[in-house]
Amino acid sequence: VVRGGMGAHGRLNLRTMAWVEIKQYCAGRNIYGTSVINSKPYDTVAWRDPCAVIIGSEAEGMSAQAQQIMTQAIHIPMFNQVESLNAAVACGVIFFEAARQRR
């Protein structure tokens, strides 16, 4: 994993927080969470605005606590009866769109 990250691990500021702390830390910005329920496509989000993203697990989705702090659910449209993407792949797709809009 470290080799695959090509040194990015050393450039990230990582923190461990409780959900209530995350909500406080992200106050004033949208918190997007991945879900198929009442969600909008990820590529309709204005990713240039300050925001946070919660990626749920493939098997169980987001926890109830995560769902309580998110301000908008988003999804990646799937085709041909494909159910979902791996969480890491979904994160990559969403973050690529955010980077594309910010470029």
Within region 40-71, the count of residues that are out of contact with any helix residue (DSSP H, G or I) (no Cβ under 7 Å at 6 or more places or on another chain), hydroxyl-bearing (S, T, Y) and at pLDDT 95 or above comes to 2
- Message: On the basis of being aliphatic (A, V, I, L, M) and surrounded by fewer than 10 Cβ atoms within 10 Å (Cβ to Cβ), does A64 make the cut?
- Response: yes
- Message: Based on this model, can you work out whether G5 counts as over 11 Å from the mean Cα position of the chain (by Cα), at positive phi and either among the acidic types (D, E) or surrounded by 10 or more Cβ atoms within 10 Å (Cβ to Cβ) (or both)?
- Response: no
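Considering only region 60-98, state which residues are among the hydrophobic types (A, V, I, L, M, F, W, C), in contact (Cβ under 8 Å) with a residue 24 or more places away in the chain and in a helix (DSSP H, G or I).
Those that are among the hydrophobic types (A, V, I, L, M, F, W, C), in contact (Cβ under 8 Å) with a residue 24 or more places away in the chain and in a helix (DSSP H, G or I): A66, I69, A87, A90, C91, V93, I94, F95, A98.
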Picked from region 23-48 (must be polar (S, T, N, Q) and in contact (Cβ under 8 Å) with a residue 12 or more places away in the chain), the residue surrounded by the fewest Cβ atoms within 10 Å (Cβ to Cβ) is N38
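The values are calculated or read from the model by the stated rules, or taken from the named source; none is laboratory data. Predicted, not measured: the structure shown is a model, and the values here were computed from it. FYI the Cβ positions are ideal-geometry reconstructions off the backbone, even for glycines, and counts take in every protein chain you see.
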